[in-house]
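First comes the structure, then the notes that go with it.
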Amino acid sequence: MTTLLDATDLDAADPLARFRDEFELPDGIYLVGNSLGAIPRRAREYVNTELDRWATLGVEGHFTGELAWKDYHVLVADQMARLVGASTDEVVAMNGLSVNLHLLMISFYRPTQTRHKILIEDHAFPSDHFVAESQIRQRGFDPATSLITVPPRDGEETLRTEDILEVIAEHGDSLAMIMLPGVQYYTGQVMAMAEITAAGHGVGATVGFDLAHAAGNIELSLHEWDVDFAAWCSYKYLNSGPGGVAGAFVHQRHIDDQTLPKLIGWWGTNPDTRFKMATEFDPIPTVDSWQLSNAPILPLAALRASLDIIDEAGGIAALRKKSVQQIEFLDRRLAETLGDRVASLTPTALDQRGCQFALQVTSGNGREVFEALEHARVLCDWREPDVIRAAPVPLYNSFADIDRFVSILEEVVQ
Ligand SMILES: *Cc1c(COP(=O)(O)O)cnc(C)c1O
């Protein structure tokens, strides 16, 4: 009984506990915010507002009122910027994550005969691998010689920063770009983004991060770390709904650089002349100049709902504070209840992980355990070959969720 009291006490003392009511959660214990964040109740209201404006204003909705669609993407820029440690002019909500990686690589991957390599991780998310591979081919290079991957050491699951730095030094002059995750999607490992950026710049490479599992999960300081570019999706920890609009970051020092190659469209040109239909591109003096199309208002409305809740909760610093307590609580409950029957691939140091746990059942029947969890309505996810990912999200998961998860896991591991 002490453990249950423990969770109850922690929930009672939790200043963010009331935000759980801001979400509609599927039946059961929802621990897959790392894959698809839960729906904010007010997303219905925000989306309905736009449907109503569409119904009553028609095309005039583009220009009418504070929610004018022509500027709608600007409404989320500041909120997104604060989540990733950037200024408003460095962040834009547009497209999907993989699309943004391509658009940014067009600007930041500028291979030459001597400097043409892209460094990614060996277990990169397939889309990131495909993006890098196809960018290399598009420029007339061969992934066999231009795509460098850094693996964990034999018998290890996570990457060592020293190994990444060594590969950067080794390829030095031939390295054009580094693209790594902020948080690794499989193990949950947080990369040493500041150190890697400095090392990349030290050899003359550009450095970008895929923040799919980092945005809304951990604190980031993209501007201060001097990262060149970054992109992230918003449907994981930012709860924008399936296929939600992604984010993109370009460091301020690149924004005015007219020598950067860029795919351009009418949403990147000066809004004052845009509708005069001039064909002379007059780039918006922010990362907005990377926009191509007019913004998808309905998914952006859903994203705004979530970003407003995150702000009300005190932003990423407040979320992370609770998240660390939840991580420690889950660590402790797993240790006292399951001991070595369950292992975690996720680093133990708190500065090297976010809220996602990558659990392995040591007896080897992980898949059966995962299915039994599903049957008991504990929603986690399975990643081949043998990992159960579970992520207690501070905005809507309670300590009681974590407690029940461990109790059910113990039952099914038996
Ligand atoms: C979730 C995720 C994606 C998904 O890409 P989309 O373009 O949003 O479909 C890509 N890369 C990583 C690392 C991810 O975690």
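Per residue, the accessible area of segment 52-310 comes to 40 Å² when a 1.4 Å probe rolls over the protein heavy atoms. Subtracting the Cα-Cα distance of Asp386 and Asn48 from their residue separation scaled by 0.36 nm leaves 117.5 nm.
A Förster radius of 45 Å, combined with the Cβ-Cβ distance separating Asp163 from Ala12, puts the computed FRET efficiency at roughly 0.55. Taken over segment 31-188, the percentage of Cα pairs per 10 Å bin, counting from 0 up to the bin with the maximum distance, is 9, 26, 29, 20, 12, 4, 0. Only protein heavy atoms count here; on that basis, with a 1.4 Å probe, Tyr235 has an accessible area of about 60 Å².
Residue ranges 93-103, 240-250 sort as 240-250, 93-103 when ordered by packing (mean number of other C-beta atoms within 10 Å per residue, highest first). Of the Cα atoms belonging to segment 69-162, the radius of gyration and Dmax stand at 16.7, 53 Å.
Maximal additional length on extending the Phe281-Asp256 stretch stands at 7.7 nm, based on 0.36 nm per residue less the C-alpha distance. Here each label is just a point 7 Å from Cα along the line to Cβ, and for Ser127 and Glu224 those points are 2.9 nm apart. As a calculated quantity, the FRET efficiency between Asp173 and Glu371 at R0 = 41 Å, using C-beta atoms, amounts to about 0.20. Top mean-square fluctuation among Thr259, Thr112, Thr269, Gaussian network model of the chain, C-alpha springs under 10 Å? Maximum among the listed residues: Thr259. Each 10 Å bin from zero up to the one holding the largest Cα-Cα distance in segment 52-310 carries the following percent of pairs: 7, 30, 35, 19, 7, 2, 0.
Amide H to amide H distances under 5 Å link Val387 with no residue, where only residues 5 or more positions off or on other chains count and H is placed in the peptide plane.
Among the protein heavy atoms, those of Leu319 account for about 10 Å² of accessible surface (1.4 Å probe, every chain in place).
Report for segment 52-310 the percent antiparallel among DSSP-assigned beta bridges with both residues inside it, nearest 5. Counting only bridges with both partners in segment 52-310, antiparallel ones make up about 40 percent. 3J(HN,Hα) along segment 110-123: 10, x, 10, 4, 9, 10, 9, 8, 10, 9, 10, 8, 5, 9 Hz, from the Karplus curve 6.51 cos²θ - 1.76 cosθ + 1.60 with θ = phi - 60°, whole Hz, x for Gly and Pro. Multiplying each eigenvalue of the alpha-carbon gyration tensor of segment 183-277 by 5 and taking the square root yields semi-axes of 27, 21, 10 Å, largest first, rounded to whole angstroms. Ligands, DNA and RNA left out, the 1.4 Å accessible surface of segment 52-310 is 53% carbon and sulfur atoms. Calculated FRET efficiency, Ala335 to Phe63, Cβ-Cβ distance, R0 = 45 Å: about 0.15 to the nearest 0.05. Amide H to amide H distances under 5 Å link Ile178 with Leu119, Thr206, Val207, Gly208, where only residues 5 or more positions off or on other chains count and H is placed in the peptide plane.
With a cut-off of 20 Å on the backbone N, the residues of segment 266-308 near the modelled label site 7 Å out from Ala55 along Cα-Cβ are 297-302. Over the chain, Cα pairs under 8 Å with separation of 6+ residues give a relative contact order of 24 percent. Taking amide hydrogens as placed 1.01 Å from N in the peptide plane, the amide H of Thr362 sits under 5 Å from those of Val342, Ala343, each at least 5 positions away in sequence or on another chain. Among the trypsin sites (Lys or Arg not before Pro) in segment 251-294, those located in a DSSP loop and surrounded by at most 14 other Cβ atoms within 10 Å of their own Cβ are Lys276.
The values are calculated or read from the model by the stated rules, or taken from the named source; none is laboratory data. On a predicted model such as this, the values are computed, not experimentally measured, just so you know. Cβ atoms come from the backbone with ideal geometry, glycine included; neighbour counts cover every protein chain shown. Heads up: the accessible areas ignore ligands, DNA and RNA and are worked out on the full protein's heavy atoms, side chains in. Shrake-Rupley method; radii C 1.70, N 1.55, O 1.52, S 1.80 Å.
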